[in-house]
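The values are calculated or read from the model by the stated rules, or taken from the named source; none is laboratory data. Everything numeric in this text was worked out from a predicted model, so none of it was measured. Counting neighbours? That spans all protein chains shown, and the Cβs are built from the backbone with ideal geometry, glycine included.
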Amino acid sequence: MAKATIADVAKHCGVSTATVSMVLTNKGRISSATRERVLEAVKELGYVYNQAAANLRHKRSNLVGLVTPDITNPFFSEMIAGLSHYLEEQDSLLFLANAEESVERQSKFIDSLLSQNAGGVVMCLRWKRIWTFWRQYKAEGFRSYWLFGLLERINLISLAPITLWVCS
C-alpha cells in the first residue's frame with residue numbers, strides 16, 4: 001500500500017491541500033468541524049507529516065543546535081534542560097553537540113546544522129573564538145546566538161543574538 005499524501009487527505013475530506021496543511025501546522029482560521037474532519041482522515045489514511053519536505057519548502061527547519069564545549073559541566077546540563085523545554089513549546093527540536101573544546105568539532109557541528117537548514121544555533125565558545133565563527137555564519141545569514149565566557153579566567157556568562165550584545 002502506498003503512503004498517503006497530503007493530496008489524499010484533502011481529497012478524502014473534500015478540502016484543499018492548503019487547508020490540510022494549515023490544520024497540520026496549526027496555522028490559519030479553520031473551523032473546528034473541518035479541523036476534526038482533517039485530523040480524522042489523517043489518522044484513518046495513516047498520513048505522516050513530512051517535516052523534511054516542509055524544511056525544504058521553508059528553507060529552514062525546526063531544528064536548533066546547541067554546541068557546548070563540555071557537556072559534563074553542570075552549568076550546561078541545566079541550560080540544556082531549559083532550552084529543550086523552551087524549544088519543545090515552540091515546536092522545535094534541540095540538536096546537542098559536545099565540541100570537547102575542539103574548534104574543529106565546533107566547525108563540523110555548525111556546518112552540519114547549516115546543511116540541514118537549522119533554524120538557529122546557540123554556541124558556547126571562548127571569547128577568542130567568537131569572531132571567527134561570527135564572521136563565517138553571519139555571511140551565511142544563519143540565525144545564531146552566542147553563549148560565551150567573556151574572559152578566560154572569569155566565570156561571567158552572557159547570551160546574545162548576533163545583532164545585539166547583552167551582558168549580565
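For Leu83, the stated conditions hold: it is surrounded by 14 or more Cβ atoms within 10 Å (Cβ to Cβ), assigned by the TED database to the domain that holds Ala118 and under 29 Å from Ser115 (Cβ atoms). Condition first: modelled with pLDDT of 65 or more, in the same structural domain as Leu66 (by the TED database) and within 13 Å of the chain's Cα centre (by Cα). Can you find one or more residues in the range 133-140 that meet it? Checked the range 133-140: no residue is modelled with pLDDT of 65 or more, in the same structural domain as Leu66 (by the TED database) and within 13 Å of the chain's Cα centre (by Cα). One residue stands out among those in the range 19-67 that are surrounded by 11 or more Cβ atoms within 10 Å (Cβ to Cβ) and of a type in the set (Ser, Thr, Tyr): the one that is farthest from Arg105 (Cα to Cα), which is Thr34.
The rows are residues; the columns are (1) part of a helix (DSSP H, G or I); (2) touching a residue at least 40 places away in the same chain (Cβ under 8 Å); (3) not β-branched (Val, Ile, Thr).
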| residue | (1), (2), (3) |
| --- | --- |
| Leu39 | yes, no, yes |
| Val42 | yes, no, no |
| Ser77 | yes, no, yes |
| Ser84 | yes, no, yes |
| Leu94 | no, no, yes |
| Ala97 | no, no, yes |
| Met123 | no, yes, yes |
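Could you go through the range 95-103 and let me know if any residue there is under 30 Å from Cys124 (Cα atoms), assigned by the TED database to the domain that holds Met123, out of contact with any helix residue (DSSP H, G or I) (no Cβ under 7 Å at 6 or more places or on another chain) and among the aliphatic types (A, V, I, L, M). No: zero hits.
Which members of the range 2-37 meet the condition of being on the phi < 0 side of the Ramachandran plot, outside any helix (DSSP H, G or I) and out of contact with any helix residue (DSSP H, G or I) (no Cβ under 7 Å at 6 or more places or on another chain)? Matches in the range 2-37: Ala2, Lys3, Thr5, Thr25, Lys27, Arg29, Ser31. Residue count for the range 68-80 satisfying the condition of being closer than 11 Å to Leu96 by Cβ, surrounded by fewer than 19 Cβ atoms within 10 Å (Cβ to Cβ) and of a type outside the set (A, V, I, L, M, F, W, C): 1.
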